[in-house]
Amino acid sequence: MRYRTRILIDKLFKGIFKTTGFLVLALLGGIFAMLVYNSVSFFLDIKPLDFITGMEWAPTAKVPKYGMLPLIISTTFVTLGAMIIAIPLGIGTAAFISEYAGKRLKNILKPAIEMLAAIPSVVIGFLGIVVVSPGIANMADLPNGLNALNGAILLAIMALPTIITVAEDAIHAVPNAYKEASYGVGATKWQTLRKVIIPAAAPGIIAAVMLGVGRAIGETMTVLMATGNASLIPSGMFDSVKTMTATIAIEMGEVPYQTTHYYALYAIATVLFFMTLFANLVGEFFINRFRKYHAV
Amino acid sequence: MQYKTNKLSSVIEWGTLLSTTLIVCFFLIVIIWEIVSKGASSLSWEFISKVPSEGMTKGGILTPIIGTVLLTLITALFAIPFGVCCAIYLNEYAENNWLTRTIRAAIRNLSGVPSIIYGLFGLALFVQALQFGTSLIAAGLTLGLLSLPYIITTTEEALKRIPNSTREAALAVGATKFETIKDVVLPSAMSGILTGVVLTLSRAAGETAPILFTGAAFYINGSTGYINQEFMALPYHLYMLSTQHQSIDQVRPIAYGTALVLVIVVFLLNLTAFYIRYKYRKNEN
């Protein structure tokens, strides 16, 4: 090939590669613009304060009510429940894999965690209906087990692989010198783990938890299938809840385009976007701190 | 404290950590056991080769299987070239300036955006703005957007593993930068890229939320596979059979069978990825 054609092709592809880089920026910008545009259309009808603090979500009632507080509380409720289950299990498992398991056990456990991560959310939601729900109904003597507790258990399962993987990386990255110093002054393995390794890995572990939270808040199918979807403010884990994601999933299929209700769902999505963004940014902040700390 | 009590407590402590690990494994075992033991009886050649019939209470799941295969194909055709090109730009061309850092931050953000929001974006962009309607192509492109950040990240990691001396050798014998990438860098990074691509596609194949409003249909009679029409997909079929169908108890065996097929598809894709990675590591050593 002639030299000039080769140079031309080289330049052309450099342009193509660069364009795709900018298109990624455009994608995030596009998602953001879509959320803002539709939310603004909604806030022309409904005051933002009424939306955030309203106690009732009844968009199809005669006098429609667009208060998203029940949805926010439901999402928080289910996510908190999931974290109460997933944090001890996740950190315990991460510590076990990193510090106690031998090489052969590690080679079984790590793929097992990856398998758990690979199971589609709709399958976990299905198991919420056929396994967890009857289980809860039996134990608590309820007509059915589609409630916040069910959603929390399923979300814990969904968040566990993220928490375990990131926390395990953090614990694994603690320099051996720390451990050796601790053993050197006579500390046991457990004391070393609790007083030296976990504190040294703390930023990484916090990051793991925050990434798990981000995953749980944004998860749709499991909560949609397993929490019963009653849009009331829940008073306990045995109450049925309707999270923000589930509300969008259920109602978007039914509303006519470009009505207040339609825009309201985009407004919920905007709040959801910022909640997950916040969780992920906090997670990222701690990951960076952890890296800096151990680079020194 | 005495040494003996120390020894006893260390066993207890070890047991505590072991039990958390066992609980996590228990979750996995229960999931797989429930799906396999109850789904295996509905699994047969008829089940995967026949279309649903009699209000989906009889017949197989051929239509959703075709839908999921085509959907994943569109996702791959869109996301792989796009994602790989972007990763090449970031790893081979981009300088470390504010623009590059912004693009990287955007990618990290995109991977944290909930899948339902991608669904809304697909609805606003492909279904409404670009007038594709609720269709296979709209849903495939939506899943493609969702897959992008993962493909970019894994591809970039694969490119990073290629030592700079490889590139320098190609440049030194007179190859242009593009020729270096096309003939030297990409072939050496191929298995790493493939691993990431296959894992991403297995995730996309199991996604439900993004296709809810962009084209997945409750039931399609007759021919399927037109990219401008609605389609049935395995994950949506499972969702629908277990929550929306009018006789949920009657279709439960089909739901179990669908769940089993879906899990098998996802695990097979994952195994493929592990196999590629395993072979790659072996060659490297």
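The values are calculated or read from the model by the stated rules, or taken from the named source; none is laboratory data. Note that this is a predicted model, so its numbers are computed, not measured. Heads up, the Cβs are rebuilt from the backbone with ideal geometry, glycines too, and the neighbour counts pull from every protein chain shown.
In segment A:251-270, what count of residues is obtained for those that are of a type in the set (S, T, N, Q) and not in a helix (DSSP H, G or I)?
In the first step, residues of segment A:251-270 are kept if they are of a type in the set (S, T, N, Q); the result is A:258-260, A:270.
Applying the additional criterion that residues be not in a helix (DSSP H, G or I) yields A:258-259.
Within segment A:251-270, residues that are of a type in the set (S, T, N, Q) and not in a helix (DSSP H, G or I) number 2.
Looking across B:Leu143, B:Leu159, one residue alone is surrounded by 23 or more Cβ atoms within 10 Å (Cβ to Cβ) and of a type in the set (A, V, I, L, M, F, W, C). It is B:Leu143.
Listed here are the residues, each with its yes/no results for (1) touching a residue at least 24 places away in the same chain (Cβ under 8 Å); (2) in a helix (DSSP H, G or I).
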{"site": "A:Ala208", "(1), (2)": "yes, yes"}
{"site": "A:Leu224", "(1), (2)": "yes, yes"}
{"site": "A:Asp239", "(1), (2)": "yes, no"}
{"site": "A:Leu272", "(1), (2)": "yes, yes"}
{"site": "A:Leu277", "(1), (2)": "no, yes"}
{"site": "A:Val282", "(1), (2)": "yes, yes"}
{"site": "A:Phe286", "(1), (2)": "yes, yes"}
{"site": "A:Lys292", "(1), (2)": "no, yes"}
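State whether the residues of segment B:29-43 include one that is touching a Phe, Trp or Tyr at 6+ places or on another chain (Cβ under 7 Å) and not in a helix (DSSP H, G or I). Within segment B:29-43, none of the residues are touching a Phe, Trp or Tyr at 6+ places or on another chain (Cβ under 7 Å) and not in a helix (DSSP H, G or I).
Against the condition out of contact with any helix residue (DSSP H, G or I) (no Cβ under 8 Å at 6 or more places or on another chain) and either in a helix (DSSP H, G or I) or basic (Lys, Arg) (or both), how does A:Pro70 come out, does it pass?
Values: out of contact with any helix residue (DSSP H, G or I) (no Cβ under 8 Å at 6 or more places or on another chain): yes; either in a helix (DSSP H, G or I) or basic (Lys, Arg) (or both): yes.
It is true that A:Pro70 is out of contact with any helix residue (DSSP H, G or I) (no Cβ under 8 Å at 6 or more places or on another chain) and either in a helix (DSSP H, G or I) or basic (Lys, Arg) (or both).
Kindly indicate whether B:Ile248 is within 17 Å of B:Pro52 (Cβ to Cβ) and free of Cβ contacts under 8 Å to residues at least 24 places away in the same chain.
Yes; evaluated as a whole, the condition is true for this residue.
Among the residues making up segment B:240-278, a single one is modelled with pLDDT of 90 or more, facing another protein chain (nearest Cβ under 9 Å) and surrounded by fewer than 19 Cβ atoms within 10 Å (Cβ to Cβ): B:Phe267.
Taking the options B:Thr214, B:Thr155, B:Thr180, name whichever one is among the hydroxyl-bearing types (Ser, Thr, Tyr), assigned to a helix (DSSP H, G or I) and under 20 Å from B:Leu77 (Cβ atoms). Exactly one residue qualifies, and that residue is B:Thr155. You will find that of A:Ile248, A:Ile233, the residue that is assigned to a loop (DSSP other than H, G, I, E, B) and among the β-branched types (Val, Ile, Thr) is A:Ile233 and no other. Considering each residue of segment B:264-282 in turn, none proves to be over 24 Å from B:Gly39 (Cα atoms), outside any helix (DSSP H, G or I), of a type outside the set (Phe, Trp, Tyr) and under 19 Å from the mean Cα position of the chain (by Cα).
When B:Thr75, B:Thr100 are checked against the criterion of being without any contact (Cβ under 8 Å) to a residue 12 or more places away in the chain and either polar (S, T, N, Q) or crowded, with 20+ Cβ neighbours inside 10 Å (or both), a single residue qualifies: B:Thr100. Evaluating A:Asn229 against the criteria (1) surrounded by fewer than 16 Cβ atoms within 10 Å (Cβ to Cβ); (2) at positive phi leaves one unmet condition, (1). Of a type in the set (Lys, Arg) and either outside any helix (DSSP H, G or I) or within 11 Å of chain A (Cβ to nearest Cβ) (or both): is that true of B:Arg167 in this structure? It is false that B:Arg167 is of a type in the set (Lys, Arg) and either outside any helix (DSSP H, G or I) or within 11 Å of chain A (Cβ to nearest Cβ) (or both).
Output the number of residues of segment B:176-207 satisfying the condition of being hydroxyl-bearing (Ser, Thr, Tyr), touching a residue at least 40 places away in the same chain (Cβ under 8 Å) and either within 11 Å of chain A (Cβ to nearest Cβ) or in contact with a Ser or Thr (Cβ under 6 Å, 6 or more places away or on another chain) (or both). Talk me through it step by step, then tell me what you get.
Applying the first criterion (hydroxyl-bearing (Ser, Thr, Tyr)) to segment B:176-207 yields B:176, B:180, B:188, B:191, B:195, B:200, B:202.
With the extra rule that they be touching a residue at least 40 places away in the same chain (Cβ under 8 Å), the set shrinks to B:191, B:195, B:200, B:202.
Those still in the list that are either within 11 Å of chain A (Cβ to nearest Cβ) or in contact with a Ser or Thr (Cβ under 6 Å, 6 or more places away or on another chain) (or both) too: B:200, B:202.
The total comes to 2.
Within segment B:48-63, restricting attention to residues that are assigned to a helix (DSSP H, G or I) and either without any contact (Cβ under 8 Å) to a residue 24 or more places away in the chain or touching a Leu at 6+ places or on another chain (Cβ under 8 Å) (or both), which residue is farthest from B:Thr258 (Cα to Cα)? Restricting to residues being assigned to a helix (DSSP H, G or I) and either without any contact (Cβ under 8 Å) to a residue 24 or more places away in the chain or touching a Leu at 6+ places or on another chain (Cβ under 8 Å) (or both), the top hit is B:Ser49.
Here is a yes/no grid of residues against (1) touching a His at 6+ places or on another chain (Cβ under 8 Å); (2) at the interface with chain B (Cβ under 9 Å from one of its Cβ atoms); (3) buried (at least 16 other Cβ atoms within 10 Å of the Cβ); (4) within 30 Å of A:Gln258 (Cα to Cα):
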{"position": "A:Thr60", "(1), (2), (3), (4)": "yes, no, no, yes"}
{"position": "A:Val63", "(1), (2), (3), (4)": "no, no, no, yes"}
{"position": "A:Met68", "(1), (2), (3), (4)": "no, no, yes, yes"}
{"position": "A:Gly92", "(1), (2), (3), (4)": "no, yes, yes, no"}
{"position": "A:Gly102", "(1), (2), (3), (4)": "no, no, no, no"}
{"position": "A:Asn138", "(1), (2), (3), (4)": "no, no, no, no"}
{"position": "A:Asp141", "(1), (2), (3), (4)": "no, no, no, no"}
{"position": "A:Leu149", "(1), (2), (3), (4)": "no, no, yes, no"}
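The conditions of being of a type in the set (A, V, I, L, M, F, W, C), farther than 18 Å from A:Ile124 by Cα and assigned to a helix (DSSP H, G or I) are not met by B:Ile227.
For segment A:263-275, what are the residues that are buried (at least 16 other Cβ atoms within 10 Å of the Cβ) and either within 14 Å of A:Phe51 (Cα to Cα) or more than 10 Å from every other protein chain (Cβ to nearest Cβ) (or both)?
The first filter runs over segment A:263-275 and keeps only residues buried (at least 16 other Cβ atoms within 10 Å of the Cβ), leaving A:263-273, A:275.
Residues satisfying the conditions are A:Tyr263, A:Ala264, A:Leu265, A:Tyr266, A:Ala267, A:Ile268, A:Ala269, A:Thr270, A:Val271, A:Leu272.
Scanning segment B:78-93 for residues that are surrounded by fewer than 18 Cβ atoms within 10 Å (Cβ to Cβ) and more than 19 Å from B:Tyr150 (Cβ to Cβ) gives a single hit, B:Tyr93. Taking the criterion of being within 8 Å of chain A (Cβ to nearest Cβ) and either outside any helix (DSSP H, G or I) or modelled with pLDDT of 95 or more (or both), the only residue of segment B:90-109 that qualifies is B:Ala94. Screening B:Ser188 with (1) under 24 Å from B:Ser41 (Cα atoms); (2) of a type in the set (Gly, Ala, Ser); (3) not in a loop (DSSP other than H, G, I, E, B) gives one miss only, at (1).
Does at least one position in segment A:173-194 carry a residue that is hydrophobic (A, V, I, L, M, F, W, C), out of contact with any strand residue (DSSP E or B) (no Cβ under 9 Å at 6 or more places or on another chain), assigned to a loop (DSSP other than H, G, I, E, B) and surrounded by 18 or more Cβ atoms within 10 Å (Cβ to Cβ)?
yes
When we screen A:Ala208, A:Ala187 for residues that are touching a helix residue (DSSP H, G or I) at 6+ places or on another chain (Cβ under 9 Å), modelled with pLDDT under 90 and over 13 Å from A:Val78 (Cα atoms), the only hit is A:Ala187.
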